[in-house]
Amino acid sequence: MRVLVTGSGGLIGSQTVKFYADKEAEIIGIDNDMRSYFFGKTASTKWNIEILKKRYNNYTHFNIDIRDNKKVERIFKRYGPFDLIVHTAAQPSHDWAAKEPFTDFTINANGTLILLENFRKYSNKGVFVFTSTNKVYGDTPNRLPLIELETRYEIKKGHKYENGIDETMSIDNSKHSLFGASKVAADILVQEYGKYFDLYTVSFRGGCLTGPDHSGAELHGFLAYLAKCVVEGKKYRIFGYKGKQVRDNIHSWDLVNAFDHFYKNPKKGEVYNIGGGRYSNISVIEAIRKFEKLTDKKLNYEYIERNRIGDHIWYISDISKFRKDYPKWKLKYDINRILKEIVNALQSRQR
């Protein structure tokens, strides 16, 4: 089995490498550590890349930019055809995108197009998995009938989205952020290559993707960054909504396991909302309290009244469509297990 992973040093990319390396697949990884450019040295993925290179003899790493078509094509020609392409490389922050719109769009949209076209030309019998985002729905979720509770917002009981937001939510007439817009473009391209060219492609529209290998930064990586602030005594900033905004969180292993289920029985131009759903979700306030209890430390935080532009007040994914199509897939990690694993990983790195 031959697997190509973009963003291989990141949270989902590195989990994908480990998942298939343990199955003795031949893996090609692409990652040029743009994360350190986006969020600074503390968010660098170099440490993770070095671990992968040392641990797996069946992993080959390339420090190239996915916007460089000649270099990407060279990899497809030399190492393909690939059975599976997992595309996780991205500019991942809706705040950061406004600083450099061209950088954001060329990475998220143009980079995806380059990968899809090389997939079509050189690996068209394989499967293309794309990590999209719930930001494709923009701020439409904020128009839902939400109720403020003591530690979180919740949706009104009996609403069609009570079990979470499904794929029927419109992506039109909403404020996406420039990041959301570039990911919409990529998401639609992935669908179109599947439907127009008759290829196996899928967009997984994720909620919060998390796990112990996340290089969390303030602008991206909610739980990983919050845990880092608690453990290291750094100041944390809560942006709006009284800290009661809710996210569902899916562990990187559960997500990559979903990729694998799709790979074994693929479809053409498919879309799935994916996340922790009702099984694994938490508000900022709730996460702070749980991390404080786990570490026996108090978080130093500042509350800022202004929320982030286009930020969701409440987002829980309805994952029933994926569960229906792949009934053997189940979530392994609930929110408490996720938090404990993140804290343990951070504390072990401090020793």
- request: Any aspartates and glutamates with Cα under 17 Å of the K298 Cα? List them, leaving off those in the same chain fewer than 8 positions away.
  value: E232, E286
query: Residue farthest toward the positive end of the dipole of the stretch 2-350, with Cβ of Lys/Arg at +1 and Asp/Glu at -1: which of S174, Y272, T103?
result: Y272
message: With the crude spin-label approximation of a point 7 Å out along Cα→Cβ, what separation in nm comes out for R55 versus E148?
response: 4.4
query: When the dipole is taken about the Cα centre of the stretch 257-343, and only Lys, Arg (+1) and Asp, Glu (-1) are charged at their Cβ, what size is it in debye, to the nearest 20?
result: 420
query: Rounded to the nearest 0.05, what FRET efficiency is calculated for T295 and T42 with R0 set to 22 Å and r the Cβ-Cβ distance?
result: 0.70
- prompt: Once the principal axes of the Cα atoms of the chain are found, what is the range along each, listed largest first in whole angstroms?
  reply: 55, 48, 41
query: Any idea what the dipole of the stretch 2-350 comes to, in debye rounded to 20, about its Cα centre with Lys/Arg Cβ at +1 and Asp/Glu Cβ at -1?
result: 480
query: With each label point set 7 Å from Cα along the Cα-Cβ vector, what nm distance links F197 and Q347?
result: 4.8
field: Long-range HN-HN contacts of A89 with modeled amide H, under 5 Å
entry: T6, G7
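Once the piece of chain linking S170 and K71 is laid out straight, how much longer is it, given 0.36 nm per residue of separation minus the C-alpha distance between them?
On the way: separation 99, 0.36 × 99 = 35.64 nm, distance 3.65 nm.
Net length gain for the segment: 32.0 nm.
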query: Which lysines have a Cα lying under 16 Å from the Cα of K330, excluding residues fewer than 8 positions away in the same chain?
result: K264, K321
task: Evaluate the distance, in nm, between pseudo-label points positioned 7 Å from the Cα of R323 and of E100 along their respective Cα→Cβ axes.
output: 4.1
query: Fully extended, how many nm does the chain gain between H261 and D334 (0.36 nm per residue separation, minus their Cα-Cα distance)?
result: 24.3 nm
message: Expected output is a single nm value to one decimal: the length gained when fully extending between R278 and R306, i.e. 0.36 nm times separation in residues minus the C-alpha distance. What is it?
response: 7.3 nm
Dipole of the chain, positive direction: furthest Cα of P327, L346, I75, with charges on the beta-carbon: L346
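Readers should treat all values here as calculations from the given coordinates under stated rules, not as data from a laboratory. None of these values were measured; they are calculated from a predicted model. Every residue, glycine as well, gets a Cβ built from its backbone with ideal geometry; the counts of neighbours run over all protein chains shown.
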